[in-house]
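Please read the structure below before turning to the comments.
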Amino acid sequence: MLWVTMLAAAAVMFLALFWLTPIGVPALKRLGGGKPSPDLTFGYRAEATYRLLDLYGESGIAHWKRLLLLDMMFPAVYGALLALLAHKWSLWVESRPGLSVVAIASPLAAAACDYAENILLLRVIAALPRTLPATVRVASAFTRLKFIFCFATLLIPLAHWAGSALHR
């Protein structure tokens, strides 16, 4: 239980840093004219990404790079936390082994996709002023997968609960 508590505290700290401080997402959103960074949207196109980078300017690009570098730690935290919680949940409900594996693998897959997305987006930033549209497309695919696996992480226990309730 100590690991869950420590990981939950770290996740809350990261979320607070990202969403409630001047070095976080709201400042970047202001620099982008109210638009969220690509990694916070469900898919994005190269043209739109480069238009947003133009809006950011040098200071905004540097800010986003810092956030992406900070985000190189967060997936390990949320992936481990949600996988541990999924494991505890699967033991508690005595789920089938296949369901347990999927429930535990989903947050780990989300974290892995988050890492791939971050690495690719950092590569896009490093290449500026050169554009890498194919890299943006692949990063966008990983962003979509990240969101899908995050939703699956939440949906699996809810679907199990609903299925169990229907069979009573």
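Shown is the FRET efficiency for Ala76 and Ala159, computed with R0 = 30 Å from the Cβ-Cβ distance and rounded to the nearest 0.05: 0.70. Relative to the dominant Cα principal axis of the chain, helix 97-127 is inclined by about 10°. A simple charge model with +1 on the Cβ of Lys and Arg, -1 on the Cβ of Asp and Glu and nothing else charged puts the dipole of the chain at about 220 debye relative to its Cα centre.
Helical content alone sets the calculated 222 nm signal of the chain at -28000 deg cm²/dmol, taking -39,500 (n - 2.57) per DSSP H segment of four or more residues and averaging over every residue.
Counting Lys +1, Arg +1, Asp -1, Glu -1, what net charge surrounds Pro75 among other residues with beta carbon under 12 Å of its beta carbon? Write down the numbers at each step before the final one.
On the way: positive: Lys146; negative: Asp39, Asp71, Asp114, Glu117.
Local net charge: -3.
Its relative contact order, with pairs defined as Cα atoms under 8 Å and 6+ residues apart, puts segment 62-132 at 41 percent.
Rounded to whole numbers, the Karplus 3J(HN,Hα) couplings from phi for segment 27-34 are 5, 5, 4, 4, 5, x, x, x Hz, using 6.51 cos²θ - 1.76 cosθ + 1.60 with θ = phi - 60°, and x at Gly and Pro.
Roughly speaking, what is the stretch gain from Glu58 to Lys29, that is 0.36 nm per residue apart minus the C-alpha to C-alpha distance, in nm to one decimal?
On the way: separation 29, 0.36 × 29 = 10.44 nm, distance 1.45 nm.
Value of the extension gain: 9.0 nm.
Readers should treat all values here as calculations from the given coordinates under stated rules, not as data from a laboratory. Small disclaimer: the values here were computed from a predicted structure and weren't measured. We place every Cβ from the backbone using ideal geometry, glycine too, and count neighbours over all the protein chains shown.
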